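Inspection log for the structure reproduced underneath, given as structure tokens.
Values in this text are rule-based calculations from the coordinates and carry no lab data. Nothing here was measured: the structure is a model prediction, and the numbers come from that model. Note that we place each Cβ from the backbone using ideal geometry, even for glycine, and neighbour counts take in every protein chain shown.
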Amino acid sequence: MKDNKLVRFFNSVNFSIDHTVFFEEATLKEVLLDKKNNKMTLVIEMDNLIPIEVFKELCEKSKTLKGADKVRFKFLIKNNNKLFIEYFNYYFDILLENCPMLKCVERDKIVYDNNKIVVEVLNKAEKKKIESLSERIIIFLSDMGFDDVDISAYINDEARKKFKEELLCSQEIIDNKETKKIIKGSAIIGEVSQIKSLITNEVDVVLIAFVFGINAKSTQSGWHIINLKISDYTDSIMANIFTKKEDELAY
């Protein structure tokens, strides 16, 4: 590597020597310090953007840097016409950890046109969520060297209509008590609610939804707590199951 300042930084965070090959022609143009938030920004100029796996390692290793709580990277790229989708998906996964509703977005329905992104959604809540996150996504992609990034969302009325029909069909099954196998609890009877309409904790509520995430933990007192992330495409919510039965935890 030609830039000694970059070499020193990589050595300080124990960055893989095998990955330094991607920075052979790179130059550390500027180091910005945010003393208030104890954050450091490295501005790096290079010909081509590094592969996403290399960037992941760079971010992970940078967490060990002494003297800064967070390191931000800003790339000035000369030939940045590749890896746009890979970097978008990487950041989308990060947002997904704190916003379960995004699980409802089908990745294969996202349309890319150069640096323009159009996200297909099923309802106003999803559309509003994408719009609220668009600035953060644009800032990240801009930091990765992508210019003129634009993000928009539109509601697919045909898919929305089909989903509503499926809900109505499921409603009829519930009303007729023709329920499927019950894993836990009583027979599913009652009026179906939408997650977006739930304001406070509910004891008895009927939802037609899918599970997109699950976690479980056990307490010293013998209780097993199962956390379910569920969505009905109107919003997302966390549901908890408390049990002392080992077989239910295994299920």
* Structure fact -> Considering residues that are surrounded by 16 or more Cβ atoms within 10 Å (Cβ to Cβ) and either within 14 Å of L42 (Cα to Cα) or touching a strand residue (DSSP E or B) at 6+ places or on another chain (Cβ under 6 Å) (or both), the number found within the range 67-91 is 7
* Asked: How many residues does the range 139-159 contain that are at negative phi and outside any strand (DSSP E or B)?
  -> 13
* Do you know which of the residues in the range 37-58 that are exposed (fewer than 15 other Cβ atoms within 10 Å of the Cβ) and touching a strand residue (DSSP E or B) at 6+ places or on another chain (Cβ under 9 Å) is farthest from N11 (Cα to Cα)? -> N37
* Asked: When you scan the range 17-29, how many residues do you find that are exposed (fewer than 12 other Cβ atoms within 10 Å of the Cβ) and under 24 Å from G67 (Cα atoms)?
  -> 1
* Asked: When you go through (1) within 27 Å of M1 (Cα to Cα); (2) aromatic (F, W, Y); (3) surrounded by fewer than 17 Cβ atoms within 10 Å (Cβ to Cβ) one by one for Y112, which number turns out not to apply?
  -> (1)
* Selected residue (criterion: nearest to S142 (Cα to Cα)) from residues of the range 101-123 that are in contact with a Phe, Trp or Tyr (Cβ under 9 Å, 6 or more places away or on another chain) and in a loop (DSSP other than H, G, I, E, B) -> N115
* **Within the range 30-73, tally of residues that are touching a residue at least 60 places away in the same chain (Cβ under 8 Å), more than 19 Å from V7 (Cβ to Cβ) and either touching a Ser or Thr at 6+ places or on another chain (Cβ under 7 Å) or not aliphatic (A, V, I, L, M) (or both)** => 1
* Structure fact -> Apart from one, (1) in a helix (DSSP H, G or I); (2) among the charged types (D, E, K, R); (3) within 24 Å of the chain's Cα centre (by Cα) all hold for D18; the odd one out is (3)
